[in-house]
1. Work the Kirkwood hydrodynamic radius out for segment A:25-122: mean of 1/r over every pair of different alpha-carbon atoms, inverted, in Å.
2. Rounded to two decimals, what ratio of Rg to Rh does segment B:71-146 give with C-alpha atoms and a Kirkwood Rh?
3. Once you've got the GNM for chain B with C-alpha springs shorter than 10 Å, pick whichever of B:119, B:98, B:69 has the biggest mean-square fluctuation.
4. Once you average over the residues of B:51-59, how many Cβ atoms of partner chains fall within 10 Å of each Cβ?
5. Could you give the semi-axes, largest first, of the ellipsoid that matches segment A:147-204, computed as the square roots of 5 times the alpha carbon gyration tensor eigenvalues and rounded to whole Å?
6. Counting DSSP beta bridges with both partners in chain A, what percentage is antiparallel, nearest 5?
7. Among B:33, A:167, what is the fewest-to-most ranking by other Cβ atoms within 10 Å?
8. Scaled to the compact-protein estimate 2.2 N^0.38 Å, what is the alpha-carbon radius of gyration of segment B:3-59, rounded to two decimal places?
């Protein structure tokens, strides 16, 4: 197994081929903020909060650390004025959707993001895809998925699957950074009651 | 849409999951919309999760998840048609059919949709009904065109 040497924040870091910048940084004890990353799931690159500056052929470029594979002699910076500015903007855009999400508020404090920068569009979902991917990749139930596209995209539970699978699982609930998922679940349950019951049948 | 017709389309594509969009397109063109039961059947036969089909069917504008009328009106709202009076044409069509873009009337006669360019700007404003192009439309001519459709 060949070792790849790269530099993250001035520190020499060794990584295996196929690892991402994020994985290499984690091994070296350098933290990069993430929202849509989950160790059990395939990288997705939706939130872009892990944006770092990678120098390729001495040209700095903004890349998503959770997706970008390590390469020899790569020079990575995880904090700089440019990165902080980018992350601040991303946070402000996400905060327009979910102004009260604790995960976003913590990051907002660090990067000085103003939650009132953009007009509120309270969908509460930041499209991180954690619930959708967890249900598909780990649980293999596909009870929740994305519907529609662009500004109208939202998550939705399939009532027929959710009524059977969700009550005893709900493993996606703690993953959601904004609680939009729980709301979507309760909404689906309410819309389907009493035709489809989400509660498990009582044991005799 | 009955099961045999769906199965026939799916079999034509050897039940390949990669042919999902082709299958959906064929069902769409035969049935004019994609009912939930049909999508469930496709999901079962192609072994594609229902959430994925729902995502794809709601993503592309070519698919409709609500019933469509017997005649589909596409009204061009592109720049050329717009400056040649498409908004007035739209008002007229809305008055005549009683529906707004994206809607279908109660008798399932017309579905109205606005589009961004039909590619024949010289004929603007353009109205397309069931794929037939009506160029150089005038609000006063719309009633004559629409009365030909039952």
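Just so it is clear, none of the values below were taken in a lab; they were calculated from the coordinates. A quick note: this is a predicted structure, and the numbers were derived from the prediction, not measured. Note that each Cβ is placed from the backbone with ideal geometry, even for glycine, and that neighbours are counted across all protein chains shown.
1. Details: mean 1/r = 0.0699 Å⁻¹.
This gives a value of 14.3 Å.
2. Values: Rg = 11.1 Å, Rh = 11.9 Å.
The Rg/Rh ratio comes out at 0.93.
3. B:119
4. Working: counts 15, 5, 2, 7, 8, 1, 1, 9, 6.
Counting Cβ atoms of other protein chains within 10 Å of each residue's Cβ and averaging gives 6.
5. Ellipsoid half-lengths, sorted descending, are 23, 14, 9 Å.
6. On the way: 20 of 22 bridges.
About 90 percent, rounded to the nearest 5.
7. On the way: B:33 16, A:167 13.
Ranked by crowding around the Cβ, least crowded first: A:167, B:33.
8. Numbers: Rg = 9.8 Å, N = 57, 2.2 N^0.38 = 10.2 Å.
So segment B:3-59 has a normalised radius of gyration of 0.96.
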